[in-house]
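The values are calculated or read from the model by the stated rules, or taken from the named source; none is laboratory data. Computed from a prediction, not measured in an experiment: that's the story for all the values here. With ideal geometry, Cβ positions are generated from the backbone for all residues, glycine too; neighbour counts draw on all protein chains shown.
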Amino acid sequence: MPRIRSGTLSLFVLVTLLGLRSEIHAQSSGQNSNLLTQVQAIPLDGVEGRIDHFGLDAKHKRLFVAALGNDTVEVVDLTTGKVTQEIRNLQAPQGIGFAPESNRLAVANDRDGSCRLYDGASLQQTATVELKDDADNVRYDAAAGRFWVGYGDGGLAEIDPKSGKQTANVKLDAHPESFQLESKGKRIFVNVPNAGHIAVIDRGTGRVIEKIPLREASANFPMALDEVDQRIFIGCRKPAKLLVLDMQTSKTVATVDIVGDTDDLFYDAANKRIYVSGGEGHVTVICQTNADTYNVGGQITTAPGARTSFLVRETGTLYVAVPRRGQQKAELRVFAVTPAK
């Protein structure tokens with residue numbers, strides 16, 4: 001039998017594995033897939049500890065990164081791909097929102113429960129709203145010109161960025177994680193993992209109008225909406241599943257296996273995909289065939305602890321936060337989205 005060279009054998013094995021498996025694995029940060037391609041790594045020099053959520057100032061091409069374990073917000077210039085400013089002396093920042101009309105930045109802090117507002121130009125603090133405990137995710141309601149902030153043992157606060165005052169409060173059964181606002185309606189969908197449900201709020205009346213129990217999985221943290229097809233995407237950790245719910249009937253129409261320890265997910269309507277980042281060290285890319293049919297298109301390797309991410313739809317770019325761990329450097333890994341054919 002002729003001798004097979006090791007390089008030829010390795011190529012044969014690789015091709016065979018790719019042919020047998022439907023999932024695509026990028027096994028190093030520089031390796032590409034047909035869904036996402038890493039194009040850049042932005043250093044977060046001096047950032048220690050866990051990194052949480054992001055905010056975007058699209059007009060000025062700035063990405064705000066909540067460096068929770070570092071008590072800072074890192075301001076990244078997306079044109080140069082560098083950290084250009086830093087907001088310091090925070091108290092474990094978790095959520096960030098940006099209001100372009102009023103040019104206000106909102107930063108929610110875990111440790112003291114504050115939501116601090118900053119002038120977008122100077123980044124000087126303009127106001128503080130004391131929510132007392134565990135201020136977390138932030139969303140901006142562009143139609144009403146208000147921030148919404150999840151906090152404490154069960155609350156959602158509405159804040160006016162211009163006056164710096166809290167204008168409404170909604171009571172929930174437990175601490176809220178990710179929540180999403182309808183752009184063409186009045187509902188807010190809120191993950192309440194310790195209560196095992198999704199709370200549905202009418203933001204016109206400020207009342208909970210429905211509680212959707214989750215039976216297929218628990219520890220529901222990230223969320224995204226597909227308003228065209230009327231679907232809610234829920235990332236769960238126990239077990240690691242994506243649940244797809246009908247926004248009208250509240251029924252689960254699909255479940256898909258995803259990366260473990262997820263903390264962010266985004267729906268890419270233009271390409272009919274969902275990107276789910278998790279601390280297990282991958283981004284699961286899910287392809288949407290139709291409103292009820294979903295399949296894993298790829299698993300893109302990132303890094304241990306890279307739980308949070310942010311999709312900039314206008315540029316087709318996914319940013320994944322990598323925390324410093326041992327020899328692993330803190331950085332943002334930047335992935336270009338390959339348009340669907």
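Odds and ends about this structure:
- With a requirement of 1 or more residues that are of a type outside the set (D, E, K, R) and more than 20 Å from VAL107 (Cα to Cα), the strands (runs of 3 or more DSSP E) lying completely within the stretch 127-197 that satisfy it span 187-192.
- THR37 of a type in the set (Ser, Thr, Tyr), in a strand (DSSP E or B), more than 23 Å from SER178 (Cα to Cα) and modelled with pLDDT of 95 or more: yes
- Taking the stretch 80-124 and the strands (runs of 3 or more DSSP E) fully enclosed by it, the elements with 1 or more residues that are surrounded by 22 or more Cβ atoms within 10 Å (Cβ to Cβ), in contact with a Lys or Arg (Cβ under 8 Å, 6 or more places away or on another chain) and β-branched (Val, Ile, Thr) are at 104-109.
Residues checked against (1) in contact with a Phe, Trp or Tyr (Cβ under 8 Å, 6 or more places away or on another chain); (2) of a type outside the set (Val, Ile, Thr); (3) more than 18 Å from GLU182 (Cα to Cα):
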position	(1), (2), (3)
GLY95	no, yes, yes
PHE98	yes, yes, no
LEU105	yes, yes, yes
ASP119	no, yes, yes
LEU131	yes, yes, yes
ARG139	yes, yes, no
TRP148	yes, yes, no
ALA157	yes, yes, no
LYS162	no, yes, yes
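- Being buried (at least 20 other Cβ atoms within 10 Å of the Cβ), within 18 Å of the chain's Cα centre (by Cα) and among the hydrophobic types (A, V, I, L, M, F, W, C) is true of VAL259.
- The stretch 207-246 - residue that is in contact (Cβ under 8 Å) with a residue 40 or more places away in the chain and in a loop (DSSP other than H, G, I, E, B) and, of those, surrounded by the most Cβ atoms within 10 Å (Cβ to Cβ): ASP229
- Which listed residue, of VAL76, VAL65, VAL47, is assigned to a loop (DSSP other than H, G, I, E, B), at pLDDT 95 or above and crowded, with 19+ Cβ neighbours inside 10 Å: VAL47
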